[in-house]
There are 2 protein chains.
Amino acid sequence: MTDPREHILSCACDLYLEDGLEGFSMRKLARAVGVTAPALYRHYESKERLLLDVVGEAYKRLGEYLYRGLQGRTPDERFRMAGEEYLTFALEHPRMYEVLFTLPDLVRLPEPPEEARDQACAIGQFWNDRVRECMDAAILRAGDPDEVGQTLWAHAHGLISLYLRGSFPVDEAGFRAMYGASTRRLLIGLGTPQYGQHLGNRHGEDLVEEASDAAS
Amino acid sequence: MTDPREHILSCACDLYLEDGLEGFSMRKLARAVGVTAPALYRHYESKERLLLDVVGEAYKRLGEYLYRGLQGRTPDERFRMAGEEYLTFALEHPRMYEVLFTLPDLVRLPEPPEEARDQACAIGQFWNDRVRECMDAAILRAGDPDEVGQTLWAHAHGLISLYLRGSFPVDEAGFRAMYGASTRRLLIGLGTPQYGQHLGNRHGEDLVEEASDAAS
DNA sequence: GTCTATAATCCGATAGAC
DNA sequence: GTCTATCGGATTATAGAC
């Protein structure tokens, strides 16, 4: 509480997550903080700058989830856990997830800060790391880890953002199943046959059998 | 020009595509149209309703691009052309593409109109049709066309939306190549071996060879 | 110097005259 | 159908209290 900026930012996150972007105003935030609106501008030069810090907080939270995935003890486990943690973050904090990818575009500053872009790149690097070690472990087929990681990330992000916008008529449990099934479908082509076998031992027997049939 | 609504909507699209959401105001729109602000409310009950019509126009434009893909003469050709037209629309009208998926969430009406959702479902149906006929033609592996279509759509949408947000450090030509390569990577698992061969004759020899090796 | 309240500006939307 | 006048609310710059 020594830093008023932190207090303001914390209240701003709460307000944003509760009321969304159109319900977010400096006056309302000031009421929540306990001061008058103009006082906020002593600590934050503009509403945009404040919202970008909200985005930064969301990135930190996502990072915590992803980092949990690193507790897995094998490349395979870390890979799967990371994918699940990414999904879990999106489902537990849907508004934060939207913030990460929509807010930076709506808030246009005179000189666009590279923070958001850098933080997005960090996610790319995280996936790159997961993919690279799975390639080294012959779980994923050899290739450019960046490219394969981008394919995986795009697939996950596309599914999640479409679901969060209501483009799929399923509930949360249904979407978790859909996410897993779609990911396994993608991994038929990206993974090595050994990994496909491993998947088959878990959930996707039918898919792997199809893959083996088609490949014979 | 007989219908003033059309004129207003046309100006609204131009204004939105030029200034974005935060630069869009009824007063500015009125200036562009050549009337005063209150006059607009004779034709559009609210700014939200007007913006939703802007979204509708963007969906129509996307539909025109997709429909062009139906000129292909084989399921395979229609499938590939549809994917390319989808990408071309996003690259030629990036702001419209963003509008389709971000604006409906920002504009919350008392009773959410099902137009946007229906139009999003129409895209899903379009992919479903493309996938189904490719399955019938043994180009894609047998399966649920809805699920496979969702995987393909999510992958394309994820790649495009991440690119439009600057998450990939590539220019437009680089992204087109990336989009194609990533799609081929996905199709290794979704397509039948025959289709992989066909792809190999076009661009992706290395990938298809890898797939054949891994499948042996 | 640091924080705060006042006031100017702009927006969406409405009411009533022409 | 359109304009003038206006309300309520929001952001932001300016000037004043501690």
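Filtering segment A:1-28 down to residues that are near DNA strand D (Cβ under 8 Å from one of its atoms) and more than 17 Å from A:Met96 (Cβ to Cβ), which residue is surrounded by the fewest Cβ atoms within 10 Å (Cβ to Cβ)? Can you show your working first?
Of all residues in segment A:1-28, those near DNA strand D (Cβ under 8 Å from one of its atoms) come to A:24-28.
Still in the list and also more than 17 Å from A:Met96 (Cβ to Cβ): A:25-28.
Details: A:Ser25: 13, A:Met26: 19, A:Arg27: 11, A:Lys28: 15.
Here the answer is A:Arg27.
Going through segment B:1-45 one residue at a time, which ones are within 14 Å of chain A (Cβ to nearest Cβ) and in a loop (DSSP other than H, G, I, E, B)?
B:Gly20, B:Leu21, B:Glu22, B:Gly23, B:Phe24
Which of the following residues is at pLDDT 95 or above and either within 14 Å of chain A (Cβ to nearest Cβ) or more than 16 Å from DNA strand D (Cβ to nearest atom) (or both): B:Val131, B:Val55? Lay out the reasoning, then the answer.
On the way: B:Val55 fails: at pLDDT 95 or above.
Just one listed residue meets the conditions, B:Val131.
Looking at B:Leu52, B:Leu29, B:Leu21 in this structure, which one is closer than 29 Å to A:Lys47 by Cα and within 8 Å of DNA strand C (Cβ to nearest atom)? Don't jump to the end; show me each part of the working.
Details: B:Leu52 fails: within 8 Å of DNA strand C (Cβ to nearest atom); B:Leu21 fails: within 8 Å of DNA strand C (Cβ to nearest atom).
Exactly one of B:Leu52, B:Leu29, B:Leu21 is closer than 29 Å to A:Lys47 by Cα and within 8 Å of DNA strand C (Cβ to nearest atom), namely B:Leu29.
Within segment B:47-67, how many residues turn out to be of a type outside the set (Asp, Glu) and either closer than 22 Å to B:Tyr195 by Cβ or touching a residue at least 60 places away in the same chain (Cβ under 8 Å) (or both)?
Kept after step one, since they are of a type outside the set (Asp, Glu), are these residues of segment B:47-67: B:47, B:49-52, B:54-56, B:58-63, B:65-67.
Within this subset, residues satisfying the condition of being either closer than 22 Å to B:Tyr195 by Cβ or touching a residue at least 60 places away in the same chain (Cβ under 8 Å) (or both) are B:49, B:52, B:55-56, B:59, B:62, B:66.
Selection size over segment B:47-67: 7.
Within segment A:1-18, which residues are of a type in the set (Asp, Glu) and away from DNA strand C (no atom under 15 Å from the Cβ)?
Matches in segment A:1-18: A:Asp14, A:Glu18.
Working only within segment B:71-85, note down all residues that are free of Cβ contacts under 8 Å to residues at least 40 places away in the same chain and more than 14 Å from B:Arg132 (Cα to Cα). Spell out the reasoning first.
Residues of segment B:71-85 that are free of Cβ contacts under 8 Å to residues at least 40 places away in the same chain, as a first pass: B:71-73, B:77, B:80-81, B:84-85.
Passing the criteria: B:Gln71, B:Gly72, B:Arg73, B:Met81, B:Glu84, B:Glu85.
Only one of (1) at pLDDT below 95; (2) more than 13 Å from the chain's Cα centre (by Cα) fails for B:Phe79. Which number is that?
Among (1) at pLDDT below 95; (2) more than 13 Å from the chain's Cα centre (by Cα), B:Phe79 violates only (1).
So if I check each of A:Leu62, A:Leu70, A:Leu66, which one is of a type outside the set (D, E, K, R), more than 16 Å from DNA strand D (Cβ to nearest atom) and within 14 Å of chain B (Cβ to nearest Cβ)?
A:Leu62
Could you tell me how many of the residues in segment A:33-48 are away from DNA strand D (no atom under 11 Å from the Cβ) and either crowded, with 17+ Cβ neighbours inside 10 Å or modelled with pLDDT of 80 or more (or both)? Let's see the steps before the verdict.
The initial filter retains those residues of segment A:33-48 that are away from DNA strand D (no atom under 11 Å from the Cβ), namely A:33-35, A:43.
Right, trim to either crowded, with 17+ Cβ neighbours inside 10 Å or modelled with pLDDT of 80 or more (or both) and you get A:33, A:35, A:43.
So the count comes out to 3.
So, in segment B:149-197, exactly how many residues are buried (at least 20 other Cβ atoms within 10 Å of the Cβ), among the β-branched types (Val, Ile, Thr) and more than 7 Å from chain A (Cβ to nearest Cβ)?
Final tally of qualifying residues: 2.
Take residues that are within 30 Å of A:Tyr16 (Cβ to Cβ) and of a type outside the set (Phe, Trp, Tyr) and tell me which of the helices (runs of 4 or more DSSP H) falling wholly in segment B:67-180 contain 3 or more. If you could, list the steps in order and put the result at the bottom.
Details: elements: B:75-92, B:94-106, B:115-136, B:145-164.
Helices (runs of 4 or more DSSP H) meeting the threshold: B:94-106, B:115-136, B:145-164.
Does B:Arg141 fit the bill of being more than 25 Å from A:Val99 (Cα to Cα) and within 11 Å of chain A (Cβ to nearest Cβ)? Step through it out loud before you land on a result.
On the way: more than 25 Å from A:Val99 (Cα to Cα): yes; within 11 Å of chain A (Cβ to nearest Cβ): yes.
Considered against the rule, which asks whether it is more than 25 Å from A:Val99 (Cα to Cα) and within 11 Å of chain A (Cβ to nearest Cβ), B:Arg141 comes out as yes.
Taking the residues in segment B:102-127 that are within 19 Å of B:Phe89 (Cα to Cα), of a type outside the set (Gly, Ala, Ser) and in contact with a Gly (Cβ under 8 Å, 6 or more places away or on another chain) as candidates, determine which candidate is modelled with the highest pLDDT.
Filtering first and then ranking leaves B:Trp127.
The values are calculated or read from the model by the stated rules, or taken from the named source; none is laboratory data. Since the structure is predicted, the reported quantities are computational estimates derived from the model, not experimental observations. Cβ: placed from backbone, ideal geometry, glycine included. Neighbour counts: every protein chain shown.
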